[in-house]
Amino acid sequence: MEREPTQENHKPLQVNPIKHSQPMGAALAFMGVEGCLPLMHASQGCASYTKVFYTRHFNEPIAMYNTSVSDITAVLDGGDYSILMAIENITKKNKKLKPQLIGLHTTGLTETKGDDVRGVGMHIEIPYCYVNTPDYEGGMESGWALTAKSLIEQLCEPSLEIKAEKIVLLPHVSMQPIEVERLKELCSSFGLETYALPDLSTALDGYLDEGQGKLATGAITVEEIRALGDSSTVISIGSSMQIAAEALVSKNENIKHIHFDHVMGLEASDNFVATLMQIRQIDPLPSIKRWRGRLQDAMLDAHFLTGSSHFVVTGEPDMLVGMCALVRSVGGTVDAAISTVRSPVLKRIEAKRVFVGDLEDAKDLFHKTDLVISNFHAERLLHDKKHTGLVLRGFPNYEELGNQLKNDQHYEGSCYFLFEIANKLREVKHHG
């Protein structure tokens, strides 16, 4: 079922938005590189909001810095000067701070000014990566994807050779740290040398260490990014990540690109495992087959509740397509899928309505449905609706702890997700 997503009512502004900015996605992506110093080329307020946003969502200290540029200093002093001064001040104040990478991402103010963020890198001794992420374009998902693309374009070295058992995963922004970790473990179980970019699998997960929050603790190093050009296969997960995959293929024409819109539910998970089997020419471990059987059983158990239920789902496009597909696979009816931004993948969502909008557009749909899957901001719209349940997903989730350990991916995660929505439906239908 393909349709062109619409912009509801053609409103000139968003009321109660579900969308977040490109710089926020870029900041999160840079946190997925070990030793990175994420530097937002913006005012203190922009960076502070992002820092508080992620601190509340993950309940972890967040590595986030800014150039303290304002509308006045941007014009009089020049934004380039602010970048150099910020790096000097940060490293002088924290003498033990030895960043492996400066990850500079722009905002609306500095993009409008037109700062030469590329040229300023010539004056920085520390490895440097810049990405243009004006917050008047795109959203969180595109900011993350553009950063992954920039990391590859600016750091990865070209190659003509490939290592047959080396692969790269490119996860979309809505995949939590534990989900990236689980998919890496799955690939490694096939004997594959697996890297993810960005890689949050060792970040934002509650691990306490000295100097926490000062630099990013991602699981991929700058040197590993430089060496990704000899990978045999790059696997993009999420439509937004195809631009990063194309950037890597341009470094080595022998790299094979395999794309998945999502890895949720039985069909997508089967296809993912089949891909790994084809790369390595071996069968999966018994534990993987065991989880596949559990998912089949979960689908059977859950469909008695989901098959008679209606859903409204909101979020980033790459998250929407996976969740809607999983809900549909157990007989659920998706009344509406409301996206933060436009994306080609929205055409592939099976729902009665697919559109780009906000929570004001969704409000009228909430009282007619059984279950809403949305972020924290939907809660206040549903607190008096006893017969409509809410499952929190996406950014932000200030209500619950452990967001970084929520797994909805592949066989195992799909089981957890199906049981969660089925139990919520039971609660609202029988006890609401």
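The values are calculated or read from the model by the stated rules, or taken from the named source; none is laboratory data. Fair warning: this is a prediction, and the values are worked out from it, not measured in the lab. No Cβ is skipped: glycine too gets one built from the backbone with ideal geometry, and neighbour counts run over all protein chains shown. These accessible areas exclude ligands, DNA and RNA; they are computed on the full protein's heavy atoms, side chains included. Shrake-Rupley method; radii C 1.70, N 1.55, O 1.52, S 1.80 Å.
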- request: Within segment 251-269, identify whether any single residue is in contact with a strand residue (DSSP E or B) (Cβ under 8 Å, 6 or more places away or on another chain), basic (K, R) and open to solvent by less than 40 Å² (accessible area, probe 1.4 Å), and answer yes or no.
  value: no
query: Which condition breaks for R56 when tested against (1) out of contact with any Pro (no Cβ under 9 Å at 6 or more places or on another chain); (2) at pLDDT 80 or above; (3) open to solvent by 60 Å² or more (accessible area, probe 1.4 Å)?
result: (1)
- prompt: So R226 clears everything in (1) open to solvent by 10 Å² or more (accessible area, probe 1.4 Å); (2) assigned to a helix (DSSP H, G or I); (3) in contact with a strand residue (DSSP E or B) (Cβ under 9 Å, 6 or more places away or on another chain); (4) over 18 Å from D408 (Cβ atoms) except one condition, right? Which one?
  reply: (3)
- line: C36: passes all of (1) out of contact with any helix residue (DSSP H, G or I) (no Cβ under 6 Å at 6 or more places or on another chain); (2) modelled with pLDDT of 90 or more; (3) under 14 Å from K214 (Cα atoms) but (1)
task: Select from segment 298-343 the residues that are of a type in the set (S, T, N, Q), part of a strand (DSSP E or B) and open to solvent by less than 10 Å² (accessible area, probe 1.4 Å) and write down the one among them that is nearest to F417 (Cα to Cα).
output: T314
field: Residue check for I282: hydrophobic (A, V, I, L, M, F, W, C), touching a residue at least 60 places away in the same chain (Cβ under 8 Å) and not in a helix (DSSP H, G or I)
entry: yes
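Every residue, every condition in (1) part of a loop (DSSP other than H, G, I, E, B); (2) on the phi < 0 side of the Ramachandran plot; (3) out of contact with any Ser or Thr (no Cβ under 6 Å at 6 or more places or on another chain), yes or no:
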{"residue": "P198", "(1), (2), (3)": "yes, yes, yes"}
{"residue": "M241", "(1), (2), (3)": "no, yes, yes"}
{"residue": "E246", "(1), (2), (3)": "no, yes, yes"}
{"residue": "H259", "(1), (2), (3)": "no, yes, no"}
message: For segment 382-389, check the following and say yes or no: at least one residue is in contact with a strand residue (DSSP E or B) (Cβ under 7 Å, 6 or more places away or on another chain) and crowded, with 20+ Cβ neighbours inside 10 Å.
response: yes
- request: Would you mind finding the one in S150, S142, S174 that is at pLDDT 95 or above, within 12 Å of the chain's Cα centre (by Cα) and not in a loop (DSSP other than H, G, I, E, B)?
  value: S142
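Within segment 362-376, restricting attention to residues that are under 24 Å from the mean Cα position of the chain (by Cα) and crowded, with 20+ Cβ neighbours inside 10 Å, which residue is farthest from A336 (Cα to Cα)? Step through it out loud before you land on a result.
Here is the first cut: in segment 362-376, the residues under 24 Å from the mean Cα position of the chain (by Cα) are 362, 371-376.
Next, from what is left, pick out any that are crowded, with 20+ Cβ neighbours inside 10 Å: 362, 371-375.
Working: A362: 8, L371: 11, V372: 10, I373: 11, S374: 12, N375: 15 Å.
Out of the qualifying residues, it is N375.
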